[in-house]
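One structure is given below, encoded as structure tokens.
Coordinate-derived values only; no laboratory data. From a predicted model like this one, the values you see are computed outputs, not experimental measurements. A quick note on method: Cβ atoms are made from the backbone with ideal geometry, for glycine too, and the neighbour counts reach across all protein chains shown.
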Amino acid sequence: MSTGTTAKGEEPRSTAMRGVARVTRGHPVWSGSDLDPGQRPALRPMTAEAVAREGVGHTRQRLEVLGRERASGNWLPWESELRDRGAAIRRETLRDLDGYLSRLAAQLESRGVIVHRVSSAAQAREAVGRIATDHGVTLVAKSKSMATEEIGLTAHLTTLGIDVVETDLGEYIAQVAGERPSHIVGPALHMSRQDVTDLFSQLNGDPLPPDPDVLASYARERLRADFKAAQMGICGVNFAAADTGTLVVVSNEGNVDMVASQPDLLVAVMPVEKVIPRLADIGTLVPLLCTAANKEFTTAYQTLLSGARRPGEIDGPAEFHCVIFDNGRTALLGTPEEEILACIRCGNCQFSCPVFRTLGGGHAYGTTYGGPVGAVLSPLLGEATRDRDLPFLCSLCGACADACPVKIPLDDLLVAGRATYEAEQPRGVESFGWTLWSRFWSTPALYRATRSAARIAGRLIPAGVLGRLPVVRLWASGRTVPDVSHAGDRPRGRSGSSGGSPEGEDR
Amino acid sequence: MSVESFEARLRALGTEVERVADLAACRAVVAELVGTSRALVDEIPGLDGLDLVPPKDPWDAEVGISEAFSAAADAGAVALVQAAGSPRRTSLLPPHHIVVVRAGRIRGTYQEMVDDVAALDPPPTGVQVVSGASRSGDIESAMIHGMHGPRRLTVVVVG
Ligand code: SF4
């Protein structure tokens, strides 16, 4: 199958990535695909840059529309039933994750699939790298997979001298731009039609018209050459059925089927929680995923893979590997955080989230997964020492939990994540301040003393100055310093309050 | 009942539907749809004797013809089992895909179709469930047809 377009004896190289050196990359460091895990900038400057970015207003508008269309949190009766069943199947899996994984591995092996069960992200990417180098692979056609993003697979294979090409249109757009996917399901959602036109025109070296059909055809022809020439395919997994050893991948474009059937070598990459008890469960989980992700009953394709090519078959992988990695997940079992392992990666919580929409997508979370699911999951992955502050990218509105098809209490997990973060912080000035405050306000006399002090301070120091004092400044950035000159007075009704502070008062 | 709702659902997804009484009529419809196009044809019991032109390179095929193992009315979906006589390329490489579905194979629900597939022992190396033509909404949600797979899908219901 890997005859390719190259001359005999020549190593196949990517056609789709030709001209990528012509693309000028102006994106911020935190949206780049080369951002080292755990090396993201501090949350505050990163998010400030994101909300001020040129063109973010248009992205926000598009996300608002998608949010209204999809993530309303209102489930029709038949959808609610599906949701109940899906949530139950995912919890059933988590109750015996290891048992189902063992069954899955045994089934896969009995069908000739070579299974690699590894712990860390590094081990996972190295396992795939070894398979590629053992076979002298120079060109890999890849279908969309957040798991491969998480383990930094493309960057690793590239350092081994291998061309890796993303074949999902959105993912290809992101790859050419040098960016990470900005949404779990829509990797290039942050880009406008014009952005894609400019990008592909640079890649092409000649202007292309801003017509989605033309742009897609351009990508199709280039990617088709790579499907044909690739010696190895890499795909992700949506569901892995333990009873039959079947890997299930959903897609709309048909690239998964290409990647999983035309190259002679296939590697499927999955984190442990993708396992499900029975193949029959996709009768619930596929419509639930597709309804939540895209408001469609099913995608155009569901690709079921149960082993390597058998005698007489003329396509499908001759050699089939499955890499199953953990990266911190099984440590969550038995804790309240294990709930996040029920996630089926529909991306609906992302659309539902006002913080995600305001930031113009998931890049400004500085991690593989953005939005509510990312703010919960990212801090728990790996050695669980990074990105612990992400739960603060949340308004606690609770929309994500309503939008989640498998009923993960995302809002509770975000609150818990904040508490964990606080508990982990060294006791600094702020906590000393709170201790002092609770000491003072515990007795009436001291409470009255603070009130008088505040009034005097409020009259002596103008509010503008107050907000610039050393400790207060930290607290006051992003907040409005209240007028304290009447501190402790009984409220006089909304309209009665005159002489509002120049800084403005709470609405 | 479910044949009618299957057809309605297919049409709603932009899939062309032909309804024929028997295999002889099916052969005639397929022959007409294919014309002189280069075709990849799976082994379909009862549908032999089609006089079609094979492509030199499968990547240059213009039409592919396969038979559904099972189908679901509510999803407008067909399940194709991949095996020796039915490779994956047939439904994938050509821009036009024709699927023959026997009426008796049509189930009411996606779940019933999945149950049919899950009951296969041993599981086939590959099953492709198809619901509509290849599509993408990755450029500002504008719908693009025939992204990597077929742009045109025709289902011929027999019986
Ligand atoms: S947490 Fe729920 S809503 Fe968010 S991606 Fe996962 S399944 Fe979807």
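To check you understand DSSP bridge types, tell me what percent of the beta bridges within the range A:143-286 (both residues inside) are antiparallel, rounded to 5. Taking every DSSP beta bridge within the range A:143-286, about 35 percent pair in antiparallel fashion.
Among the lysines, which have Cα under 17 Å from the Cα of A:Lys295 when same-chain residues fewer than 8 positions away are ignored? The qualifying lysines are none; the list is empty.
For peptide A:305-311, the mean count of partner chain Cβ atoms within 10 Å of a residue's Cβ comes to 5. Mean per-residue shielding of peptide B:107-117 is 4, counting Cβ atoms of other chains within 10 Å of each Cβ. Between B:Arg11 and B:Ala31, the contour length at 0.36 nm per residue exceeds the Cα-Cα span by 5.0 nm. Counting, for every residue in B:82-90, the Cβ atoms of other protein chains within 10 Å of its Cβ and taking the mean gives 6.
Over the Cα atoms of the range A:101-205, Rg to Rh with Kirkwood Rh, two decimal places?
1.05
The range B:76-98 and the range A:172-212 have their alpha-carbon centroids 31 Å apart. Each residue of the range A:177-194 was assigned a 3J(HN,Hα) from its phi angle through the Karplus curve 6.51 cos²θ - 1.76 cosθ + 1.60 (θ = phi - 60°); the sequence is 6, x, 10, 7, x, 9, 8, 4, 9, x, x, 10, 4, 6, 9, 8, 3, 5 Hz, with glycine and proline shown as x.
If you wrap the protein assembly as shown's Cα atoms in a convex hull and average its projection over all directions, what's the area in nm²?
Projected area, direction-averaged: 33.5 nm².
Could you pull out which residues in the range B:62-98 have an amide N less than 17 Å from a spot 7 Å beyond the Cα of A:Ser217, following the Cα-Cβ vector? Label zone hits: B:95-96. Of interest is the spacing of the C-alpha centroids, which for the range A:111-149 and the range A:282-327 amounts to 17 Å. Please determine, in degrees from 0 to 90 and to the nearest 10, the orientation of helix A:77-95 with respect to the longest principal axis defined by the Cα atoms of chain A, where the helix direction is its Cα long axis. That works out to roughly 80 degrees.
Each of A:Ala318, A:Gly347, A:Val164 was placed along the dipole of chain A (beta-carbon charges, centred on the mean Cα), and the one lying farthest toward the positive end is A:Gly347.
Using 0.36 nm times the number of residues separating A:Thr420 and A:Ala331, minus their current alpha carbon distance, what extension gain do you get?
30.4 nm
For chain B, the antiparallel share of DSSP beta bridges with both residues in that region comes to about 30%.
Taking amide H positions as modeled 1.01 Å from N, with prolines and chain starts lacking one, the residues under 5 Å from B:Gly126 and 5 or more places away or on another chain are A:Ser306, B:Gln82. Length gained on full extension, A:Phe440 to A:Asp206: 77.2 nm, using 0.36 nm per residue less the C-alpha separation.
Quick check on packing: order A:297-310, A:249-262 by the mean number of other C-beta atoms within 10 Å, highest mean leading.
A:249-262, A:297-310
Estimated from helices alone, the mean residue ellipticity of chain B at 222 nm is -6000 deg cm²/dmol (sum of -39500 (n - 2.57) over DSSP H runs with n ≥ 4, per residue). For chain A, find the longest principal axis of its Cα atoms and tell me its angle to the long axis of helix A:121-134, 0 to 90°, nearest 10. Computed tilt is about 20 degrees.
The protection proxy used here, the mean number of other Cβ atoms lying within 10 Å of each residue, ranks peptides A:363-376, A:126-139 as follows, highest first: A:363-376, A:126-139. Ranked from largest, the principal axis spans of the Cα set of the range B:3-158 equal 42, 38, 32 Å. When peptides B:44-52, A:187-195 are sorted by average Cβ neighbour count within 10 Å, with the highest value leading, the order is A:187-195, B:44-52. Rounded to the nearest 5, the antiparallel percentage of DSSP beta bridges internal to the protein assembly as shown is 35%.
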